[in-house]
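What follows is a single structure, written as structure tokens, with notes after it.
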Amino acid sequence: MPNLTDAELLNSLKTKQPDALGQLYDRYGSVVYGVALKVLQSQPEAEDLTQEIFLSLWRRPIDPIKHDHLLRYLIAMTRSRAIDKLRSRSRNLNLVQRWGQTITVETPDPTPVEQAVVNERSQQVRQALAQLSEPQRRVIELAYDAGLSQSEIAQQLQEPLGTVKSWTRQGLLKMRQLLKDAID
């Protein structure tokens, strides 16, 4: 398609000519993306919104007579939809926060039977840990109790990372074997 005016491109969109959409995207895509990025402050969301705007133009082309300033129309539509996304994001965050509060508030104390089961399993795990070699026990305790990564454990123990990984794997396999009856 030769370089056409916005009105001609919009008329071409009505007959579903993809080249018209391509030219409009080339002409205004960076502006739409820029507005979306400024409002949303998120590159992936801005990219998604830019696609949504042009997909919307493809599905429902606007009347070039009513919208003689296409750039203003695209900016207004992008800004409006970006603000809608921000509101939706805020609502979703509030919903997740309220749900999380509800869950934590409504968590009942364990019953005596549940507490006894937890205590018994903890004892079984402690006994299994005691049967591991010192290096195996130490890396597993640092990983699970201190929350350290294998790289951090290797640094702390001044051992090669491969050695720490090997100790961890061997220790976990041995614990699995020792706790097999408790798991089944």
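The values are calculated or read from the model by the stated rules, or taken from the named source; none is laboratory data. On a predicted model such as this, the values are computed, not experimentally measured, just so you know. Ideal geometry is used to build each Cβ from the backbone, glycine not excepted, and the neighbour counts take in all protein chains shown. Surface accessibility is based on the protein's heavy atoms, side chains included, excluding ligands, DNA and RNA. Shrake-Rupley method; radii C 1.70, N 1.55, O 1.52, S 1.80 Å.
Centroid-to-centroid, using Cα positions, the range 1-36 and the range 105-172 are 60 Å apart. Relative contact order of the range 7-73, taken over Cα pairs closer than 8 Å and 6 or more residues apart, is 41 percent. Simple rule: put +1 on each Lys or Arg Cβ and -1 on each Asp or Glu Cβ in the range 5-99, find the dipole, and look at Val96, Ala20, Thr50; the Cα lying farthest toward the positive end is Val96. Where is the GNM fluctuation largest for the chain (alpha-carbon springs, 10 angstrom cutoff): Ala76, Ala143, Ala20? Ranking Ala76, Ala143, Ala20 by mean-square fluctuation puts Ala143 first. Helix content alone sets the calculated 222 nm mean residue ellipticity of the chain: runs of n ≥ 4 DSSP H residues at -39500 (n - 2.57) each, divided across all residues, give -26000 deg cm²/dmol.
Put Ser149, Ser42 in order of accessible area, highest first, and with a 1.4 Å probe you get Ser149, Ser42.
Of the complete DSSP H runs in the chain, those spanning 20 angstrom or more by Cα along the long axis with a mean Kyte-Doolittle score not below 0.0 are 18-40.
Relative contact order of the chain, taken over Cα pairs closer than 8 Å and 6 or more residues apart, is 16 percent. Rounded to the nearest 20 debye, the dipole size of the range 108-184 about its Cα centre is 360 debye, using +1 on the Cβ of Lys and Arg and -1 on the Cβ of Asp and Glu.
About its Cα centre, the chain has a charge dipole of approximately 320 debye under the convention of +1 per Lys or Arg Cβ and -1 per Asp or Glu Cβ, with nothing else charged. Among Leu57, Leu157, Leu86, the largest mean-square fluctuation in a Gaussian network model of the chain, built with springs joining Cα atoms closer than 10 Å, belongs to Leu157. Under conditions of 25 °C and 0.890 mPa s, the range 1-65 yields 201 µm² s⁻¹ as its translational diffusion coefficient, taking Rh as the Kirkwood radius over Cα pairs in the Stokes-Einstein equation. Placing R0 at 41 angstrom, the Cβ-Cβ distance between Asn92 and Arg27 gives a FRET efficiency of 0.75 after rounding to 0.05.
Semi-axis lengths, largest first, of the ellipsoid equivalent to the chain are 61, 23, 15 Å, with √(5λ) applied to each eigenvalue of the Cα gyration tensor. In a Gaussian network model over the chain where Cα atoms closer than 10 Å are linked, find which of Tyr33, Tyr73, Tyr144 has the largest mean-square fluctuation. Looking only at Tyr33, Tyr73, Tyr144, the largest GNM fluctuation is found for Tyr144.
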